[in-house]
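As structure tokens, the structure follows; a few thoughts come after it.
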Amino acid sequence: MSYADIILPVPLTGLFTYAVPDGMSVGIGMRVLVTFGRSKTYLGIVARLHNDKPKDYQVKPISQVMDATPIITDNQLKLWQWIADYYMSPIGEVYKAALPSGLKAEDGYRPRTELYIQLSPKFRSEQALHVAIDMLQRAPKQLKAFLDYLELSGWDQLGQTEEQFEITRDELINQGHTLQSVNALVQRGVLETYDKEVGRLNFGGDPHPEHIKPLSDVQQEAFNQIQFSFLQKNVTLLHGVTSSGKTEIYIHLIQQALDKHQQVLYLLPEIALTVQMMQRLQRVFGNRLGIYHSKYSDAERVEIWQKQLSKHPYDVILGARSAVLLPFQNLGLIIVDEEHVTSYKQQDPAPRYHARSAAIMLAQMYGAKTLLGTATPSLETYHNAKTGKYGLVELFQRYKGIQLPDIQVVDIKDLQHRKMMNGAFSPLLLAKTREALERGEQVIYFQNRRGYAPMIECKQCGWVPHCQHCDVSLTLHRNMNQLTCHYCGYTYQVPTECPACGGHDLITKGYGTEKIEDQLRDIFPEARIARMDLDTTRTRNAYERIISDFSAGRTNLLIGTQMISKGLDFDKVSVVGILNADNMLNYPDFRAYEQAYMMMAQVAGRAGRKGKQGLVILQTKSPTLPVIQQVVQNDYAGLYRSLIAERQHFHYPPYYRLIYVYLKHRSDAVVESAGIEMGSRLRQWFSARVLGPDKPAIAKVKSLSIRKLVLKLEPGIGMVDVRKYLALAQQQMLQDKRYSSLQIYFDVDPL
Ligand code: ADP
Ligand code: ZN
Ligand code: ZN
């Protein structure tokens with residue numbers, strides 16, 4: 001009798017052993033059906049085959065094998081196990097995160113087609129559109145759905161956009177419409193549906209290696225240094241200022257790997273960035289390039305997964321975090337672009353893994369190399385490069401000698417004092433914006449808050465609406481006319497009067513991107529303004545649309561959150577406004593300055609065009625802070641020196657390792673006592689390395705009260721034991737009846 005250790009999608013640690021019935025042909029990496037608990041059926045993944053009969057329990061047999069060949073490779077299983085161990089997350093959670101739902105469906109079902117909607121041909125003129133809109137006036141829900149359709153698909157820009165975006169019915173419904181209203185539009189003959197086979201979409205045409213741009217001398221030198229570095233180091237950092245041509249160097253490296261018949265994984269931290277990069281890579285690599293991220297439909301992801309297992313996989317995969325979990329066959333190179341961006345780390349739910357670390361592990365399994373690229377390295381990475389763990393290649397010149405932007409600091413506290421601010425805008429920013437627009441150039445405004453205003457307040461008594469489920473004030477979204485909690489997503493009606501004092505004067509506090517947009521429309525009525533934030537980019541097409549409109553010049557003033565701070569390469573941007581640096585600087589975290597520097601340096605890097613120096617207006621209330629000066633002088637080395645000394649002194653990463661322990665419970669009293677008890681348990685083993693428990697700045701989210709403990713671990717401490725004791729403490733806590741519904745989880749290397 002042989003046995004199989006199986007990964008199940010349950011939040012329990014470890015593998016589960018089942019018997020393999022005689023005659024059943026099962027291999028590692030195949031899916032199997034098994035019963036678990038009270039005869040519940042699960043789809044599991046075989047991780048190991050062996051002959052050791054478990055002693056202490058009766059093994060059940062595998063019910064059914066779902067695959068003839070493995071759908072998970074050995075290296076994927078190894079990576080899953082590493083993520084589970086390192087990040088202290090049940091392997092079942094890794095499995096759930098890694099596999100597209102279509103491959104998890106127990107009956108093996110996966111859709112081959114998706115339902116798309118389009119405007120009926122008879123309504124495809126401006127006049128006919130007006131007729132349709134008039135007709136729908138009495139059906140407001142349908143009208144709203146229809147207007148959203150027009151916006152999503154690009155029809156509302158009739159005459160400006162030649163090409164419409166294809167959108168699925170689900171995409172429209174996901175905008176908050178009912179199936180009923182969408183179907184009603186189809187019945188009226190305004191919209192029509194069609195099936196489209198998905199996955200079969202072949203992205204690009206033939207590859208064109210001749211489109212690769214020859215490198216400049218300094219770029220060639222950096223390219224050579226990277227090659228040389230790879231002879232000795234598995235990981236190399238390419239630290240190159242914005243627009244130095246890092247991407248062109250990547251393209252040369254990718255081609256080189258392809259020539260050696262190796263695969264390449266190119267990671268970007270955000271889906272928004274893959275859109276522009278896709279176009280750049282496709283020009284060269286054509287249909288050898290595949291794209292993978294979570295905004296793709298499940299069917300498409302299943303398709304790519306299976307293609308990667310087939311005889312003809314994509315040679316280059318461009319993707320966001322989750323692409324590191326795809327199957328590869330002969331991976332030779334991983335590029336982690338914008339390696340400093342924190343969204344590489346998954347926050348919620350588990351597994352809370354960092355894709356950069358996972359990429360380095362994955363590369364190691366294949367004997368592949370990892371290139372980390374950025375203009376502003378994370379402190380950890382730069383430290384690893386400076387101390388010789390990673391190779392380091394630096395590139396300080398922009399391509400064609402384009403100058404780095406001129407950064408001018410504006411003291412908004414002083415201007416407010418002198419009543420010279422116009423809303424969120426200084427006179428200098430407005431003047432430079434006007435000049436740029438008049439010259440036909442483009443402008444970007446950066447404000448790291450979405451919504452209309454982060455807070456509303458009763459002018460009379462100071463009452464502020466809070467979320468019922470979270471410990472935060474609510475953000476006003478005026479377009480939707482509602483208050484929204486950015487932590488749980490719950491929405492509330494905007495009150496017309498103050499429930500505390502009955503006052504009618506509710507004022508908005510602070511500026512979100514919506515309010516910035518509103519005010520700019522008043523100040524620059526002729527500007528073509530677009531806004532890019534989470535709210536305007538809920539669908540994949542919306543991203544593409546905003547980016548392509550801006551790069552084609554159909555819009556000329558782009559307002560955005562940190563989404564616009566990275567990687568996007570626009571040609572005509574001459575002015576960048578950073579509206580408020582203080583939001584970032586005042587963040588209560590030891591990484592605040594590092595993060596603020598990166599954000600500002602990256603946003604600033606969007607300014608500057610061929611032959612003309614760009615201008616950045618940096619508005620802040622603290623113009624004398626060293627970090628502001630470091631931004632102005634593009635002094636990354638200075639920033640690094642000051643921060644690294646601080647980190648060493650106060651025992652923070654990269655010198656010390658951090659693990660956060662979170663406890664959550666519906667009752668604040670329970671979580672309070674649980675926190676204290678967890679603290680004393682942990683102190684038995686870790687003594688003074690344990691800090692807390694503390695109430696985090698936001699101490700309640702989604703009706704769960706939170707406590708947090710911090711573990712600071714010195715270099716050289718045995719992590720195997722650390723994990724063992726943490727798991728043990730967790731287990732002991734959960735065995736206590738009082739804490740049976742307590743949630744405990746770990747965040748390893750938190751960001
Ligand atoms: P980075 O990735 O460092 O921000 P990019 O690779 O995006 O820089 O380069 C900035 C701009 O300069 C891009 O438009 C790019 O096409 C152009 N560029 C950079 N290097 C070259 C080159 N060797 N030949 C032609 N154009 C280049
Ligand atoms: Zn009031
Ligand atoms: Zn909430």
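Taking the residues in the stretch 482-497 that are open to solvent by 60 Å² or more (accessible area, probe 1.4 Å) and farther than 25 Å from Asp148 by Cα as candidates, determine which candidate is nearest to ligand 3 (Cβ to nearest atom).
Tyr487
Within the stretch 293-311, is there a residue that is under 28 Å from Phe223 (Cβ atoms) and either open to solvent by 10 Å² or more (accessible area, probe 1.4 Å) or in the same structural domain as Thr539 (by the TED database) (or both)?
no
Mind checking which pairs have a first residue in the stretch 473-495 that is within 16 Å of ligand 1 (Cβ to nearest atom) and a second that is open to solvent by 60 Å² or more (accessible area, probe 1.4 Å), Cβ under 8 Å, 6 or more apart or different chains?
none
Do we have Gln262 as without any contact (Cβ under 8 Å) to a residue 60 or more places away in the chain and surrounded by fewer than 22 Cβ atoms within 10 Å (Cβ to Cβ) here? Break it down into steps so the answer makes sense when it comes.
Numbers: without any contact (Cβ under 8 Å) to a residue 60 or more places away in the chain: no; surrounded by fewer than 22 Cβ atoms within 10 Å (Cβ to Cβ): yes.
So Gln262 does not fit the description; no.
What are the residues in the stretch 232-255 that are within 17 Å of Ala637 (Cα to Cα) and more than 13 Å from ligand 1 (Cβ to nearest atom), if any?
Residues of the stretch 232-255 within 17 Å of Ala637 (Cα to Cα): 237-242.
Residue satisfying the conditions is Leu237 alone.
Has the stretch 197-213 got at least one residue that is within 14 Å of ligand 1 (Cβ to nearest atom), open to solvent by 20 Å² or more (accessible area, probe 1.4 Å) and among the basic types (Lys, Arg)?
Checked the stretch 197-213: at least one residue is within 14 Å of ligand 1 (Cβ to nearest atom), open to solvent by 20 Å² or more (accessible area, probe 1.4 Å) and among the basic types (Lys, Arg).
With respect to Leu129, determine if the residue is over 30 Å from Trp305 (Cβ atoms) and at pLDDT below 90. Steps first, please.
Values: over 30 Å from Trp305 (Cβ atoms): yes; at pLDDT below 90: yes.
Against the criterion (over 30 Å from Trp305 (Cβ atoms) and at pLDDT below 90), Leu129 qualifies.
Those residues that are outside any loop (DSSP other than H, G, I, E, B) and open to solvent by 70 Å² or more (accessible area, probe 1.4 Å), I need them from the stretch 706-724; list them, please. Let's see the steps before the verdict.
Narrowing the stretch 706-724 to residues outside any loop (DSSP other than H, G, I, E, B): 706-713, 719-724.
Within the stretch 706-724, Val720, Asp721, Lys724 meet the criteria.
What do you reckon, is Arg683 surrounded by fewer than 15 Cβ atoms within 10 Å (Cβ to Cβ), over 26 Å from the mean Cα position of the chain (by Cα) and free of Cβ contacts under 8 Å to residues at least 40 places away in the same chain? Even if it seems obvious, please write down each step before you answer.
Values: surrounded by fewer than 15 Cβ atoms within 10 Å (Cβ to Cβ): yes; over 26 Å from the mean Cα position of the chain (by Cα): yes; free of Cβ contacts under 8 Å to residues at least 40 places away in the same chain: yes.
Spelling it out, Arg683 is indeed surrounded by fewer than 15 Cβ atoms within 10 Å (Cβ to Cβ), over 26 Å from the mean Cα position of the chain (by Cα) and free of Cβ contacts under 8 Å to residues at least 40 places away in the same chain.
Can we say Asp582 is surrounded by fewer than 20 Cβ atoms within 10 Å (Cβ to Cβ), of a type in the set (Asp, Glu), under 30 Å from Lys708 (Cβ atoms) and at pLDDT 85 or above? Show your work before the answer.
On the way: surrounded by fewer than 20 Cβ atoms within 10 Å (Cβ to Cβ): yes; of a type in the set (Asp, Glu): yes; under 30 Å from Lys708 (Cβ atoms): yes; at pLDDT 85 or above: yes.
Considered against the rule, which asks whether it is surrounded by fewer than 20 Cβ atoms within 10 Å (Cβ to Cβ), of a type in the set (Asp, Glu), under 30 Å from Lys708 (Cβ atoms) and at pLDDT 85 or above, Asp582 comes out as yes.
Taking the stretch 377-420 as the search range and keeping residues that are closer than 20 Å to Ile334 by Cβ and of a type in the set (S, T, N, Q), which one is farthest from ligand 3 (Cβ to nearest atom)? Talk me through it step by step, then tell me what you get.
Within the stretch 377-420, the first condition is being closer than 20 Å to Ile334 by Cβ, and the residues that meet it are 377-378, 380-382, 384-385, 389-393, 395.
So of that shortlist, the ones also of a type in the set (S, T, N, Q) come out as 378, 381, 384.
Working: Ser378: 30, Thr381: 34, Asn384: 38 Å.
For the stretch 377-420, the residue satisfying everything is Asn384.
Report yes if Phe223 is touching a residue at least 40 places away in the same chain (Cβ under 8 Å), surrounded by 15 or more Cβ atoms within 10 Å (Cβ to Cβ) and either within 22 Å of Ser548 (Cα to Cα) or more than 16 Å from ligand 2 (Cβ to nearest atom) (or both), otherwise no. Give the derivation first.
Working: touching a residue at least 40 places away in the same chain (Cβ under 8 Å): no; surrounded by 15 or more Cβ atoms within 10 Å (Cβ to Cβ): yes; either within 22 Å of Ser548 (Cα to Cα) or more than 16 Å from ligand 2 (Cβ to nearest atom) (or both): yes.
In short, no.
Go over the candidates Ile559, Ile523, Ile547 one by one and state the one that is in contact (Cβ under 8 Å) with a residue 40 or more places away in the chain, touching a helix residue (DSSP H, G or I) at 6+ places or on another chain (Cβ under 9 Å) and either of a type in the set (Phe, Trp, Tyr) or within 16 Å of ligand 1 (Cβ to nearest atom) (or both). If you could, list the steps in order and put the result at the bottom.
Values: Ile559 fails: either of a type in the set (Phe, Trp, Tyr) or within 16 Å of ligand 1 (Cβ to nearest atom) (or both); Ile523 fails: either of a type in the set (Phe, Trp, Tyr) or within 16 Å of ligand 1 (Cβ to nearest atom) (or both).
Going through Ile559, Ile523, Ile547 in turn, just one is in contact (Cβ under 8 Å) with a residue 40 or more places away in the chain, touching a helix residue (DSSP H, G or I) at 6+ places or on another chain (Cβ under 9 Å) and either of a type in the set (Phe, Trp, Tyr) or within 16 Å of ligand 1 (Cβ to nearest atom) (or both): Ile547.
Checking the condition surrounded by fewer than 16 Cβ atoms within 10 Å (Cβ to Cβ), assigned to a loop (DSSP other than H, G, I, E, B), under 24 Å from the mean Cα position of the chain (by Cα) and on the phi < 0 side of the Ramachandran plot, which residue from Asp571, Asp589 passes? Before the answer, list the steps.
Details: Asp571 fails: under 24 Å from the mean Cα position of the chain (by Cα).
Every option except Asp589 fails the conditions.
What are the residues in the stretch 342-379 that are part of a loop (DSSP other than H, G, I, E, B) and open to solvent by less than 10 Å² (accessible area, probe 1.4 Å), if any?
Narrowing the stretch 342-379 to residues part of a loop (DSSP other than H, G, I, E, B): 346-353, 367-368, 375-378.
Within the stretch 342-379, Pro351, Tyr353, Ala368, Thr376, Pro377, Ser378 meet the criteria.
Do we find a residue being open to solvent by 40 Å² or more (accessible area, probe 1.4 Å) and without any contact (Cβ under 8 Å) to a residue 12 or more places away in the chain anywhere in the stretch 498-514?
yes
Can you tell me which residue within the stretch 158-196, out of those that are within 25 Å of Met277 (Cα to Cα) and surrounded by fewer than 17 Cβ atoms within 10 Å (Cβ to Cβ), is modelled with the highest pLDDT? Break it down into steps so the answer makes sense when it comes.
To start, the set of residues in the stretch 158-196 that are within 25 Å of Met277 (Cα to Cα) comprises 160-168, 171.
Going one step further and asking which of them are surrounded by fewer than 17 Cβ atoms within 10 Å (Cβ to Cβ), we end up with 160, 162-163, 166.
On the way: Gln160: 47, Glu162: 51, Glu163: 59, Glu166: 77.
Out of the qualifying residues, it is Glu166.
When the residues of the stretch 463-481 are narrowed to those that are open to solvent by 40 Å² or more (accessible area, probe 1.4 Å) and modelled with pLDDT of 90 or more, which ends up farthest from ligand 3 (Cβ to nearest atom)? Can you show your working first?
Of all residues in the stretch 463-481, those open to solvent by 40 Å² or more (accessible area, probe 1.4 Å) come to 463, 466, 468-469, 471, 478-481.
In the following step, the residues that additionally are modelled with pLDDT of 90 or more were identified as 463, 466, 468-469, 471.
Numbers: Trp463: 18, His466: 9, Gln468: 7, His469: 4, Asp471: 8 Å.
Looking at residues that are open to solvent by 40 Å² or more (accessible area, probe 1.4 Å) and modelled with pLDDT of 90 or more, I get Trp463.
Which residues, taken from the stretch 686-701, are surrounded by 14 or more Cβ atoms within 10 Å (Cβ to Cβ), in a loop (DSSP other than H, G, I, E, B) and within 16 Å of ligand 3 (Cβ to nearest atom)?
Within the stretch 686-701, Pro696, Ala699 qualify.
Answer yes or no as to whether Arg450 is within 16 Å of ligand 3 (Cβ to nearest atom) and within 29 Å of Ala552 (Cα to Cα).
Numbers: within 16 Å of ligand 3 (Cβ to nearest atom): yes; within 29 Å of Ala552 (Cα to Cα): yes.
Against the criterion (within 16 Å of ligand 3 (Cβ to nearest atom) and within 29 Å of Ala552 (Cα to Cα)), Arg450 qualifies.
Residue-by-condition table, conditions (1) within 16 Å of ligand 2 (Cβ to nearest atom); (2) basic (Lys, Arg); (3) in a helix (DSSP H, G or I):
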{"position": "Leu430", "(1), (2), (3)": "no, no, yes"}
{"position": "Glu435", "(1), (2), (3)": "no, no, yes"}
{"position": "Gly440", "(1), (2), (3)": "no, no, no"}
{"position": "Val443", "(1), (2), (3)": "no, no, no"}
{"position": "Arg450", "(1), (2), (3)": "no, yes, no"}
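What are the residues in the stretch 484-532 that are within 16 Å of ligand 2 (Cβ to nearest atom) and assigned to a loop (DSSP other than H, G, I, E, B), if any?
We begin by selecting, within the stretch 484-532, every residue within 16 Å of ligand 2 (Cβ to nearest atom); these are 494-509.
Within the stretch 484-532, Val494, Pro495, Thr496, Glu497, Cys498, Pro499, Ala500, Cys501, Gly502, Gly503, His504, Asp505 meet the criteria.
Just give me the residues in the stretch 623-651 being hydroxyl-bearing (Ser, Thr, Tyr) and open to solvent by 30 Å² or more (accessible area, probe 1.4 Å), in sequence order. I'd like the intermediate steps shown before the answer.
Restricting attention to the stretch 623-651, the residues satisfying the condition of being hydroxyl-bearing (Ser, Thr, Tyr) are 624, 636, 640, 642.
Selection gives Thr624, Ser642.
Among the residues of the stretch 534-561, what is the count of those that are within 15 Å of the chain's Cα centre (by Cα) and modelled with pLDDT of 85 or more?
Matching residues across the stretch 534-561 total 3.
Answer yes or no: is there a residue in the stretch 663-675 that is assigned to a loop (DSSP other than H, G, I, E, B), within 16 Å of ligand 1 (Cβ to nearest atom) and basic (Lys, Arg). It would help to see each step written out before you state the result.
Filtering the stretch 663-675 down to residues assigned to a loop (DSSP other than H, G, I, E, B) leaves 666-667.
Keeping just the survivors that are within 16 Å of ligand 1 (Cβ to nearest atom) gives none.
Taking every residue of the stretch 663-675 in turn, none turns out to be assigned to a loop (DSSP other than H, G, I, E, B), within 16 Å of ligand 1 (Cβ to nearest atom) and basic (Lys, Arg).
If you scan the stretch 431-451, which residues turn out to be open to solvent by 20 Å² or more (accessible area, probe 1.4 Å) and touching a helix residue (DSSP H, G or I) at 6+ places or on another chain (Cβ under 8 Å)?
Of the stretch 431-451, the ones open to solvent by 20 Å² or more (accessible area, probe 1.4 Å) are 431-432, 434-435, 437-440, 448-450.
Once the filter is applied, which keeps residues that are open to solvent by 20 Å² or more (accessible area, probe 1.4 Å) and touching a helix residue (DSSP H, G or I) at 6+ places or on another chain (Cβ under 8 Å), the stretch 431-451 yields Asn448, Arg449, Arg450.
The values are calculated or read from the model by the stated rules, or taken from the named source; none is laboratory data. Note that the structure is a prediction, hence the values are computed from the model and not measured. Virtual Cβ from ideal backbone geometry, glycine too; neighbours counted across all protein chains shown. Heads up: the accessible areas ignore ligands, DNA and RNA and are worked out on the full protein's heavy atoms, side chains in. Shrake-Rupley method; radii C 1.70, N 1.55, O 1.52, S 1.80 Å.
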